[in-house]
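Visitor: Quick one: the structure is below, and I'll ask about it shortly.
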Amino acid sequence: MSFEKKILCIGAGYVGGPTMAVIALKCPEYKVTIVDINEEKIRKWNSGQLPIYEPGLEEIITKVRGSNLFFSADIKSGIKESDIIFVSVNTPTKTFGLGAGMASDLQYWEKTAQQILENSEGPKIVAEKCTLPVKTAQAMERILKTNNKGAQFEVVSNPEFLAEGTAIQDLLEPDRVLIGSHQTESGLKAAEEIVRIYSHWVPAEKIITTNLWSSELSKLVANAFLAQRISSINSISALCEKTDADVAEIAFAIGADRRIGASFLNASVGFGGSCFKKDILNLVYIAESYGLKEVAEYWKMVVKINEYQQERFVANIIRAMFNTVVDKKIAIFGFSFKANTGDIRESPARFVVNKLIEEKAILSITDPHALENARAGLAEVDGEILFELDPYRAAKGASAVVLVTEWDVFRNLDYERIYREMKKPASIFDGRNILDHQTLFSLGFDVYPIGKPSLTHSH
Ligand code: NAD
Ligand code: UGA
């Protein structure tokens, strides 16, 4: 079959996989190939057992894989035949050298640029899909300019705003699609090519085109603003716990103001995920490198409050359990960084588990989709950790349940049974405020929500 255009995506991860699956679904006349250096991952994408859990993804993959969506480890051929290349490789925080702990580690991205350079023979549009420091496109262009096989490149920025757990919905009905390009004839033409892809299903008014640097920076700023809201409400949750105010009532009251808005005001054990922290730290690093100390300090506080919230949560657990958890069984409800994903990167659960293991507790972790990742991620941890798919087994004989992830399944459990089978006094620490605290209290639990008065029996 001949295709109108050939699209390549380098990086078959949480972004590359779902994003390209939706493009393939909506643009049957385009051939979409996703490549990755990780051959095992490619094998999984080509199998019945996808490498990531994302609601709705499997159905789309089953529909388009082998028709106009292909997964391959042959990066060279993929680059050679493509007209448009999306780069969706990982850009974690640098752990070494200059900017360690703050700056973006661009080694994977740089290798991709080299791969594109070496294997290109014709004109190509390179679209940055991964999240990058502002001005990165300039570096990409400098590398690609050295091509001596006559290839012409135009670099555009097309950051991704999907959230895990709702990725398919976010891709099918995005709030906006952002495309940044040079404001030159060739730059605008390249942007138009990317607009054409999304126009298959996204209304024109939701496709925003800007200059390259605004687009790159918007992505970091969007994540910083979202995380800032969570840190803001979490900081207030600490104040609520001192004053008997209720953070959920406050979120509702302030969120009713249209200028503030209701979303992203759920107080929690802290935000996790692979991006918020790394992107804010990157923003801080960029601000610092331009000498903008006050700007850097301002955004740094968002991360600091998040760390404070996680520490506070664990300190509350230990204090409530008579200042010792040694040899006490504690059930951890949820290990993924949020519901509806198996992703455990930067999950607050990881922090909670590490701290409780340091305090010599015996942990029993349950999670409907992240147990395999949890087991692998905690393999090096020296302590007693059990992994249970069944939450009732996880809680049996435990002195406390610590709810870290807001999976729906945890809302509707038989807590009467759970209470009966736990050691007394039995406590519940609701790190997401999703449970019915009054009912739990009347069942006999001591209940410790976030940012609300705790409900305790006198023992
Ligand atoms: P990921 O780790 O899940 O996937 C990245 C993939 O790139 C990996 O499979 C890796 O093997 C592959 N890779 C690395 N170097 C390569 C190379 N040279 N050639 C081929 N493949 C290579 O990461 P992700 O979560 O998909 O994130 C990718 C980018 O998108 C990051 O910049 C991230 O900040 C951004 N982002 C992520 C999300 C999210 O929800 N995860 C949302 C929006 C944006
Ligand atoms: C986030 C953004 O929402 C996406 O727009 C962005 O594309 C993505 O980062 C990225 O660049 O990687 P994601 O991290 O997948 O998406 O999930 P979110 O829904 O944003 O949740 C992030 C964390 O904040 C989770 O741990 C979540 O539980 C927590 N959260 C979220 C709260 O604690 N309270 C809230 O009100 C909302």
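Visitor: With every protein chain in place, what's the accessible area of Arg393 (1.4 Å probe, Å², nearest 10)?
Guide: Around 140 Å² of this residue is reachable by solvent.
Visitor: Still on this structure: Between Asp257 and Glu173, what length in nm is gained on full extension when 0.36 nm per residue of separation is reduced by their alpha carbon distance?
Guide: 27.7 nm
Visitor: Let me know the Kirkwood hydrodynamic radius for segment 403-459, please, with Cα pairs as the basis and the value in Å to one decimal.
Guide: Kirkwood radius, segment 403-459: 11.5 Å.
Visitor: Still on this structure, I have one more. Would you please put 42-53, 3-14 in order of how densely packed they are, using the mean number of other Cβ atoms within 10 angstrom per residue and starting with the highest?
Guide: Per-residue Cβ counts within 10 Å, averaged per peptide and sorted highest first, yield 3-14, 42-53.
Visitor: What is the dipole size for the chain, taken about its Cα centre, with +1 at each Lys and Arg Cβ and -1 at each Asp and Glu Cβ, in debye to the nearest 20?
Guide: Rounded to the nearest 20 debye, it is 300 debye.
Visitor: P(r) for segment 236-322, please, calculated from all Cα pair distances in 10 Å bins and given in %.
Guide: 15, 34, 35, 15, 2
Visitor: Right, something else. Using a simple charge model, +1 on the beta-carbon of Lys and Arg, -1 on the beta-carbon of Asp and Glu, nothing else, what dipole does segment 310-459 show about its Cα centre, in debye to the nearest 20?
Guide: The calculation lands at about 380 debye.
Visitor: Using only the Cα atoms of segment 156-239, what semi-axes does the equivalent ellipsoid have when each is the square root of 5 times a gyration tensor eigenvalue? Give whole Å, largest first.
Guide: Working from the Cα gyration tensor, I get semi-axes of 30, 16, 8 Å.
Visitor: Between His369, Gln310, Val381, whose Cα lies farthest towards the positive end of the dipole of segment 292-390 when Lys and Arg beta carbons carry +1 and Asp and Glu beta carbons carry -1, centred on the Cα centre?
Guide: Gln310
Visitor: Using DSSP to define loop residues, name the GluC sites (Glu not before Pro) in segment 94-190 whose beta-carbon has at most 12 other beta-carbon atoms within 10 Å.
Guide: Counting only loop positions with at most 12 other Cβ atoms within 10 Å, the GluC sites (Glu not before Pro) in segment 94-190 are Glu121.
Visitor: Could you pull the Cα extents of segment 235-391 along its three principal axes, largest to smallest, in whole Å?
Guide: Taking max minus min along each principal axis of the Cα atoms, segment 235-391 gives 46, 40, 31 Å.
Visitor: For Trp213, what accessible area in Å² do you get when you roll a 1.4 Å probe over the heavy atoms of the protein chains, rounding to the nearest 10?
Guide: The accessible area comes out at roughly 60 Å².
Visitor: Restricted to Cα positions, what overall size does segment 310-414 have along the principal axes? Three whole-Å values, descending.
Guide: Ordered largest first, segment 310-414 gives principal extents of 33, 32, 23 Å.
Visitor: May I pose another question? If you count only protein heavy atoms with a 1.4 Å probe, what accessible area per residue comes out for segment 263-394, rounded to a whole Å²?
Guide: On a per-residue basis, segment 263-394 sits at 46 Å².
Visitor: Further question: Modelling each spin label as a point 7 Å along the Cα-to-Cβ direction, I'd like the Val295/Thr184 distance in nm, to one decimal.
Guide: Placing both labels 7 Å beyond Cα along the Cβ direction yields 2.5 nm.
Visitor: Also, quick follow-up: What is the distance in Å between the Cα centroid of segment 309-335 and that of segment 67-100?
Guide: 41 Å
Visitor: Show that you can apply the helix-only estimate: for the chain, add -39,500 (n - 2.57) for every DSSP H stretch of four or more residues, divide by all residues, and state [θ] at 222 nm to the nearest 500.
Guide: Using -39500 (n - 2.57) per qualifying helix, the result is -13000 deg cm²/dmol.
Visitor: Continuing with this model, one more query. Report the charge-dipole magnitude of segment 129-209 in Debye, nearest 20, computed about the Cα centre from +1 at each Lys and Arg Cβ and -1 at each Asp and Glu Cβ.
Guide: Here the size comes out at about 440 debye.
Visitor: To continue, here is another question. Determine, at each q value in 0.13, 0.21, 0.22 (inverse angstroms), the log₁₀ of I(q)/I(0) that the Debye formula gives when each Cα of segment 60-151 is one equal point scatterer.
Guide: -0.53, -1.07, -1.13
Visitor: If I take R0 = 60 Å and measure r between the Cβ atoms of Ile143 and Asp327 in this structure, what FRET efficiency does the formula 1/(1 + (r/R0)^6) give, to the nearest 0.05?
Guide: According to the calculation, E is roughly 0.60.
Visitor: To one decimal place, what Kirkwood hydrodynamic radius in Å is obtained for the chain from all pairs of distinct Cα atoms?
Guide: Value: 23.7 Å, from the Cα pair sum.
Visitor: What figure, in Å² to the nearest 10, do you get for the accessible area of Tyr392 with a 1.4 Å probe and non-protein molecules left out?
Guide: Solvent-accessible area, nearest 10 Å²: 40 Å².
Visitor: So, for segment 124-184, what is the accessible surface per residue at a probe of 1.4 Å, expressed in square angstrom? Could you put the intermediate results ahead of the total?
Guide: On the way: 2450 Å² over 61 residues.
That works out to 40 Å² per residue.
The values are calculated or read from the model by the stated rules, or taken from the named source; none is laboratory data. Everything quoted here is computed from the prediction, not taken from an experiment. So basically every Cβ, Gly included, is an ideal-geometry build from the backbone, and we count neighbours across all protein chains shown. These area figures cover heavy atoms from the full protein model, side chains too; ligands, DNA and RNA do not enter into them. Shrake-Rupley method; radii C 1.70, N 1.55, O 1.52, S 1.80 Å.
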